[in-house]
């Protein structure tokens, strides 16, 4: 079950008292030298996320666990991963930790690397259709395994009457277990950000290679580039 927070007026906390709860936050990132107008929207976005999370905590239940894309360690080590990857969500995670929550290892580092490596192969293009198909299948399986690991971590950690928050890129196909009540954070400014990014897609620089650990979550066509024509003219 998934509900947008904007649609929740005065939910009865007792309704979710004995259930696992997960607040899902779309992970929206900036980049070096991003235009000021994008930076302003990003600032608004995270402020609205903070407000909506506070509303959920007061109405549904306080956050007990923090899960975050690309974090493969718990505690202080997990928090340190966010220092360079996503400082803004690190700040938000710290607020939860100050209130007694803990940051949990969310990913398996080997699965993340496998996913990223297959994705790199996909971007090359191939002369063989068989190789192209094989790489596509391997990439899809790697992404699926990554999703399953994250779901397993959340499902096995959050207990009844507890809540977790998950920061993760949009475009994933995560299917949460039926015993978890999922609340999707959807600040109004998110639509503006989507529109702004679509209109300037060709102007946005690619992320440096060392910042692409999360790229498997970006929505993309799972087909590899077509095989090159090897026939001579």
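Tabulated data for the structure shown
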item: For the range 8-134: relative contact order, % (alpha-carbon pairs under 8 angstrom, 6 or more apart); result: 23 percent
item: FRET efficiency for residue 94 and residue 179, using Cβ-Cβ distance with R0 set to 30 Å, rounded to 0.05; result: 0.55
item: Longest to shortest principal axis, alpha-carbon extents of the range 15-68, angstrom; result: 46, 19, 13
item: Stokes-Einstein D for the range 1-156, Kirkwood Rh over Cα pairs, 25 °C, 0.890 mPa s (µm²/s); result: 136 µm²/s
item: Separation in nanometres of the label points that stand 7 Å from Cα toward Cβ, at residue 144 and residue 195; result: 3.8 nm
item: Label-point gap, in nm, between residue 137 and residue 151 - each point 7 angstrom along Cα→Cβ; result: 2.2 nm
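Only the coordinates and a few stated rules stand behind these numbers; no lab work does. Keep in mind that what you see is a predicted model, and the values were worked out from it rather than measured. FYI the Cβ positions are ideal-geometry reconstructions off the backbone, even for glycines, and counts take in every protein chain you see.
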